Amino acid sequence: PPTKAGQAPSPPDGGWGWVVVFGAFISIGFAYAFPKGLAIFFKEIQDFFGTSYGEIAWVSSIMLATTYGAGPISSILVNRYGSRPVVMFGGLLCGVGMISAAFCTSILQLYICVGFITGFGLALNLQPSVIIIGKYFLKRRPIANGLAMAGSPVMLCTLAPLNQFLFDNFGWRGSFLILGAILLHCCVAGALFRPIGAATASVKTQVTEEGKDVLKGKITEDAMEMSSPTDVPVKNKTEEERGKDCCEKINQYLDFSLFKHRGFLIYLIGNVLMFLGFFAPIVFLAPYAKHTGIDEYSAAFLLSILAIVDMVARPTTGIIANSKWVRPRIQYFFSFAIAFNGTCHLLCPLASSYMGLVVYSGFYGLAFGMVCAMLFETLMDLVGAARFTSAVGLVTIAECCTILLGPPIGGILIDTFGDYKYMFIKCGAVMVLAGTFLFVMNYYNYRMLAKEEKERKAKEEDPKSVRTENESRNNNWNKDTAQDGPELEPLKEEQEEIKKEMNGT
């Protein structure tokens, strides 16, 4: 419906928003599941090119790192053009990358086509899909995020057996051609991302939080322009425009002041550490099963089990996180999910049979779904909807380093020791450490926020504090005038008289 001029529409929390959730379900599903589903082809591509585990692991690693590392570019494009055209262009890049990969003749060409081109296309699908959900939902946002994030296990559950079927019938080159055509469906998903209106809900939130400061600043600027001579403002304005440096222009799209935000820094450090062991186990799960003597379809079925459990875990986690008991302290729930994920990896080497791997896949799917369902919700809970776009971009560029290194480090451990258990132990230990760090630091952050809120309320309720501030300002003014010399003595006497009148009143 049309809105009044000058007013930003509020999030509808339904309606066309559920269609947007369906589009995000598809694009997020491909962005997360596609790099994992490619692990089905790794054993055969490794034999075809004669590479090691560490070298073949770079394919998924570069793709994941590009998907996260291109986050700031994706955020800037969303701020400039909106979510719909960015996602449609990303889907086109994904298709072009995979179709080009079908004609590669070396592992380096696979790095470029699959890793960089397809990874960049997936980045243009991931961030806009997460951002637009925050514009369409407010009260039901955790549920909407959980449903959209469920696209990853659904796609993984479908892609794992599909990739094995395509490989058996068309080989890895023919499979890449068909997968490139399938990825073009991201363009259709992006077409569903209809803008809410002339202004977004995030703008409304920003106005309600910062409207007073903006109005005060505007009034001050107008007053300065009115009080200054007529020829000076134009001159100063042109000089200020020329004096704008590159950092200020970039800051219009990426809010670097977030690095002063305590909660954001805690989230960033914990997630950077977590991603060092987050994706490696799922990339090497199917090759590990084949290494133990399990046939190809049974190994692919482990990913399907993981995906089915993950499919149920994500919306369920969203509902639990939206409850009145969990949402005020959702950061603790997120920390527990990360530590639980790491514990599953530490226990994985105990699974020596196929049934043991089935049990591990079930618990891993539960833990994986819990983490993914709250990954962006906890970030929005910390920084708010107005700064969420910039926060996603900054977080993903920082996380791409550990995402890039995680699977290759696991591959190096496998090549060095000839056993997969050291890779699982490394990933489990890192994630338990990350979960513990987030739990402790979030406890500290909640304590500090409560203390600051208590001090702010006490300051507002105590009139003496206001009087003390006024007196300190007067004293500072007196010190400044005393240092300026005898030529300001008349002004000083006049100020003393005004001070006496204020004390009298």
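The values are calculated or read from the model by the stated rules, or taken from the named source; none is laboratory data. Computed from a predicted structure; not experimentally measured. Backbone-built Cβ (ideal geometry, glycine too); neighbour counts: all protein chains shown. Surface accessibility is based on the protein's heavy atoms, side chains included, excluding ligands, DNA and RNA. Shrake-Rupley method; radii C 1.70, N 1.55, O 1.52, S 1.80 Å.
Could you order Lys43, Lys260 by accessible surface area, starting with the largest, using a probe radius of 1.4 Å? Present the calculation step by step, with values, prior to reporting the outcome.
Numbers: Lys43 80, Lys260 185 Å².
These residues rank, largest area first, as Lys260, Lys43.
So which chymotrypsin sites (Phe, Trp or Tyr not before Pro) in the range 280-347 end up in coil per DSSP with only 11 or fewer other C-beta atoms within 10 Å?
Details: sites: Phe284, Tyr288, Tyr297, Phe301, Trp325, Tyr332, Phe333, Phe334, Phe336, Phe340; in loops: Trp325.
Sparse-neighbourhood loop chymotrypsin sites (Phe, Trp or Tyr not before Pro): Trp325.
What is the extension gain from Val359 to Met448, computed as 0.36 nm multiplied by their sequence separation minus the C-alpha to C-alpha distance, in nm to one decimal?
Details: separation 89, 0.36 × 89 = 32.04 nm, distance 4.10 nm.
So the extension gain works out to 27.9 nm.
Going highest first, how would you order 445-451, 389-395, 159-165 by mean Cβ packing within 10 Å?
Those peptides, ordered most packed to least, come out 389-395, 159-165, 445-451.
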Derived scalar couplings ³J(HN,Hα) [the range 103-115; Karplus, 6.51 cos²θ - 1.76 cosθ + 1.60; whole Hz; x for Gly, Pro]: 10, 6, 10, 8, 5, 5, 5, 5, 4, 6, 6, 7, x
So what J values fall out for the range 411-424 if you push phi through Karplus, 6.51 cos²θ - 1.76 cosθ + 1.60 with θ = phi - 60°, rounded to Hz, Gly and Pro as x? x, 5, 5, 5, 5, 6, 9, x, 9, 7, 5, 5, 5, 5
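Stretch Phe48-Val312 to full length: gain in nm at 0.36 nm per residue minus the Cα-Cα span?
Numbers: separation 264, 0.36 × 264 = 95.04 nm, distance 3.71 nm.
Between Phe48 and Val312, full extension yields an extra 91.3 nm.
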Heavy atoms only, 1.4 Å probe, whole protein assembly: order His261, His185 by accessible area, highest first. His185, His261
Treating every alpha carbon of the range 257-454 as one equal point scatterer without solvent, the Debye formula yields log10 I(q)/I(0) values at q = 0.08, 0.11, 0.13, 0.17 Å⁻¹ of -0.28, -0.53, -0.71, -1.12
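Order Ile425, Ile107 by their accessible area, 1.4 angstrom probe, all chains in place, largest first. Show your work: numbers first, answer last.
Working: Ile425 70, Ile107 35 Å².
Sorted by accessible area, descending: Ile425, Ile107.
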Spin-label pair Val440/Arg262, simplified geometry with 7 Å Cα→Cβ offset, distance in nm: 1.7
Report the FRET efficiency, 1/(1 + (r/R0)^6), for Phe417 and Ala458, where r is their Cβ-Cβ distance and R0 is 60 Å, rounded to 0.05. 0.50
